[in-house]
Amino acid sequence: MAQNKKLLVVDDDLISCQELLSKTLAFKGIEVTVAEDIESAIAVIKNNQFDLIVIDLSLKASDSGLELVKKIRALDKTVRIAILTGHGDKYRSQALELGANYYFSKPIDFKKHFFEPLGIEQ
């Protein structure tokens, strides 16, 4: 079982996100924290260290996952960041240029989107 792996998921669909992720990832020993917007994500990041931050590209209102990538990189140059999107490859090059390490298209594939970036064997 993985130990001490911390994952931050930034997604404005908190209820389904928290339930799905906590149930699916908890058995692997992954501690999941969820934030719903840029402001709450930055507050959590300033007070915690994560092994991986997964960001939904399209957040509520004017929040953009790409904007959050820029803000995270200003705070932490080494944390791994994954963009999760339903927009295909449209923003891939921009996300990677801004500092994302991974760019994944929905639907969620736990092995590809979470276990592999966290270095967890299935």
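Which residue is surrounded by the most Cβ atoms within 10 Å (Cβ to Cβ), if the candidates are limited to region 96-122 and must be under 14 Å from the mean Cα position of the chain (by Cα), part of a loop (DSSP other than H, G, I, E, B) and among the small types (Gly, Ala, Ser)? Restricting to residues being under 14 Å from the mean Cα position of the chain (by Cα), part of a loop (DSSP other than H, G, I, E, B) and among the small types (Gly, Ala, Ser), the top hit is Ala100. Within region 79-95, the residues that satisfy the criterion of being outside any loop (DSSP other than H, G, I, E, B) and touching a helix residue (DSSP H, G or I) at 6+ places or on another chain (Cβ under 8 Å) are Arg80, Ile81, Ala82, Ile83, Leu84, Thr85, Gln94, Ala95.
Given Tyr103, Tyr91, which one is of a type in the set (Ser, Thr, Tyr) and under 23 Å from Lys6 (Cβ atoms)?
Tyr103
Under the condition of being without any contact (Cβ under 8 Å) to a residue 24 or more places away in the chain and either exposed (fewer than 15 other Cβ atoms within 10 Å of the Cβ) or over 14 Å from Ile55 (Cβ atoms) (or both), the residues counted in region 66-95 number 7. The number of residues in region 29-64 being surrounded by fewer than 19 Cβ atoms within 10 Å (Cβ to Cβ), farther than 15 Å from Leu118 by Cα and at pLDDT 90 or above comes to 8.
The values are calculated or read from the model by the stated rules, or taken from the named source; none is laboratory data. Note that the structure is a prediction, hence the values are computed from the model and not measured. Don't worry about glycine lacking a Cβ; one is built from the backbone with ideal geometry, like all the others, and counts go over all protein chains shown.
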